[in-house]
1. Out of the residues in the stretch 6-54 meeting the condition of being free of Cβ contacts under 8 Å to residues at least 40 places away in the same chain, surrounded by fewer than 16 Cβ atoms within 10 Å (Cβ to Cβ) and among the polar types (S, T, N, Q), tell me which one is farthest from L91 (Cα to Cα).
2. Looking at the stretch 6-30, which of its residues are under 20 Å from L62 (Cα atoms) and at pLDDT 95 or above?
3. Go through (1) at pLDDT 80 or above; (2) assigned to a helix (DSSP H, G or I); (3) of a type in the set (G, A, S) one by one and return the number of the condition G33 breaks.
4. Mind telling me which of the residues L91, L3 ends up being part of a helix (DSSP H, G or I), at pLDDT below 75 and exposed (fewer than 11 other Cβ atoms within 10 Å of the Cβ)?
5. Please name all residue pairs, on different chains or six or more residues apart, with Cβ atoms under 7 Å, provided the first residue is in the stretch 69-86 and is more than 16 Å from I58 (Cβ to Cβ) and the second residue is surrounded by 10 or more Cβ atoms within 10 Å (Cβ to Cβ) and modelled with pLDDT of 65 or more.
Amino acid sequence: MELDLAAELKSVLNRLRRAQGQISGVIRMIEEGRDCEDVVTQLAAASRALDRAGFAIIATGLQQCLTDMENGNRSGEDPDEMRARLEKLFLSLA
């Protein structure tokens with residue numbers, strides 16, 4: 001399980017680095033006076049990359065929570081509280 005978690009987090013970091021590059025590109029495009037449509041297209045790509053990274057982080061956390069529950073390693077948090085907290089995280093990306 002730890003290997004899967006490490007691989008998923010590496011994937012998230014790659015997505016975030018890609019988004020960082022896209023945002024730098026957007027800044028450069030604005031500074032150069034590039035066409036608005038091109039800027040918005042690049043900005044939308046960066047936004048999608050950030051959303052995907054956020055969902056991957058939440059999914060990884062959810063997977064870890066479920067594994068902990070199966071193994072009896074719950075943190076003492078009520079299942080309804082955990083569900084509400086995870087739902088709030090998902091909605092924050094919507």
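1. Once the filter is applied, the top-ranked residue is S24.
2. none
3. Unmet for G33, out of (1) at pLDDT 80 or above; (2) assigned to a helix (DSSP H, G or I); (3) of a type in the set (G, A, S): (2).
4. L3
5. As it stands, the answer is R74/D68, since those pairs meet every condition given.
The values are calculated or read from the model by the stated rules, or taken from the named source; none is laboratory data. Nothing here was measured: the structure is a model prediction, and the numbers come from that model. Glycine also receives a Cβ, built like all others from the backbone with ideal geometry; neighbour counts cover every protein chain displayed.
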